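Everything below concerns the one structure shown next.
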Amino acid sequence: GIQVEQSPPDLILQEGANSTLRCNFSDSVNNLQWFHQNPWGQLINLFYIPSGTKQNGRLSATTVATERYSLLYISSSQTTDSGVYFCAGRSNDYKLSFGAGTTVTVRA
Amino acid sequence: GVSQNPRHKITKRGQNVTFRCDPISEHNRLYWYRQTLGQGPEFLIYFQGTGAADDSGLPNDRFFAVRPEGSVSTLKIQRTERGDSAVYLCASSLIGKDTEAFFGQGTRLTVV
């Protein structure tokens, strides 16, 4: 499978701040997902975004497939945004490969 | 959604354990992943229908997974070791290159 690198590993935000999480891939992907892992360990689907830009409320994501990276934007962060964010990509072998995650802490 | 049970399992070293995954009903593809503390999920095996299409992530022959009727899958670990302690995640998706995977809540295994 492909190698996935996420940055930064940790992010501490004040409530109301904006932030950007980045995901780099070692090879081209035909499937890319962003997840939020809640405190109980459940992976919640945020975006399915192999290319282009999508928005869902205060979250948006952009994937530039030709340059092998994806960005997740959190605007006006809230304490409920805290948790670990993962990106995962898949090339032709059908295995989703995950990064190590970005741990986001939003302080009130 | 994807349903996994049990949610938690505590076992003594050397015992065998079995985990169950019920995928989303129309999903043909089923995955097992393992996640240890502070790491991202790590691929173990995936099924397309009843057959294991790729089992390259299984760490050794103590790990075994089946999906006999193309729906429910079980993951078995024989002679558990303390290093097997982790969260075991199941996911499912439709067939196709551009399909979204959905994960269950996971089974947390603790080997004492």
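Each value in this text was obtained by applying a stated rule to the coordinates, not by laboratory testing. Owing to the predicted nature of the structure, the values given are computational and were not obtained by experimental measurement. Positions of Cβ are backbone-derived with ideal geometry, glycine not excepted, and every protein chain shown enters the neighbour counts.
Give a residue-ordered list of calculated ³J(HN,Hα) values for the stretch A:37-51 (Karplus: 6.51 cos²θ - 1.76 cosθ + 1.60, θ = phi - 60°; whole Hz; x for Gly, Pro).
9, 7, x, 8, x, 6, 8, 9, 5, 9, 9, 10, 8, x, 6
Between the stretch A:77-94 and the stretch B:64-112, how far is it from one alpha carbon centroid to the other, in angstrom?
For the stretch A:77-94 versus the stretch B:64-112, the Cα centre distance is 19 Å.
Using a Gaussian network model of chain A with C-alpha springs under 10 Å, which one of A:63, A:53, A:80 is most mobile by mean-square fluctuation?
Checking each option, the largest mean-square fluctuation is seen for A:80.
Quantify how strongly other chains surround peptide B:31-42 by giving the mean number of their Cβ atoms within 10 Å of each of its Cβ atoms. Write out the running numbers ahead of the final one.
Details: counts 3, 0, 5, 0, 6, 0, 0, 5, 4, 13, 9, 3.
Whole-number average of other-chain Cβ neighbours for B:31-42 is 4.
At a threshold of 8 angstrom on Cα-Cα distance, excluding pairs fewer than six apart, so keeping six or more, what relative contact order does chain B reach in percent? Present the calculation step by step, with values, prior to reporting the outcome.
Details: 290 pairs, mean separation 41.8, N = 112.
Relative contact order for chain B comes out at 37 percent.
Ratio of alpha-carbon Rg to the 2.2 N^0.38 Å globular estimate for the protein assembly as shown, to two decimals, please.
Values: Rg = 17.4 Å, N = 220, 2.2 N^0.38 = 17.1 Å.
With N residues counted in the protein assembly as shown, Rg over 2.2 N^0.38 Å equals 1.02.
As an exercise, use a Förster radius of 30 Å and the Cβ-Cβ distance of residue B:11 and residue A:10 to find the FRET efficiency, rounded to the nearest 0.05. Provide the component values of the computation, followed by the final result.
Details: r = 33 Å, r/R0 = 1.09.
Taking R0 as 30 Å, the efficiency between residue B:11 and residue A:10 is 0.35.
Count of lysine pairs in the protein assembly as shown with Cα atoms under 27 Å apart, counting only pairs 8 or more residues apart in sequence or on different chains?
Numbers: A:54/A:95; A:54/B:97; A:95/B:9; A:95/B:76; A:95/B:97; B:9/B:76; B:12/B:76.
Taking the Cα cut-off of 27 Å, the pair count is 7.
Determine the shielding of peptide B:96-102 by partner chains: average, over its residues, the number of Cβ atoms on other chains within 10 angstrom of each Cβ.
On the way: counts 3, 7, 7, 4, 6, 10, 4.
What the average comes to for B:96-102 is 6.
Could you work out the mean count of beta carbons from other protein chains within 10 Å of each residue's beta carbon in A:83-95?
Numbers: counts 0, 2, 0, 3, 1, 6, 0, 5, 1, 1, 5, 13, 10.
Average per residue, whole number: 4.
Over all directions, how big on average is the projection of the convex hull of the alpha-carbon atoms in the stretch A:1-99, in square nanometres? It would help to have the intermediate numbers written out before the result.
Numbers: hull surface 23.6 nm².
Averaging across all directions leaves 5.9 nm² for the Cα convex hull.
Using only C-alpha positions, report the orientation-averaged shadow area of the convex hull of chain B, nm², one decimal.
Over every viewing direction, the Cα hull of chain B projects on average to 6.5 nm².
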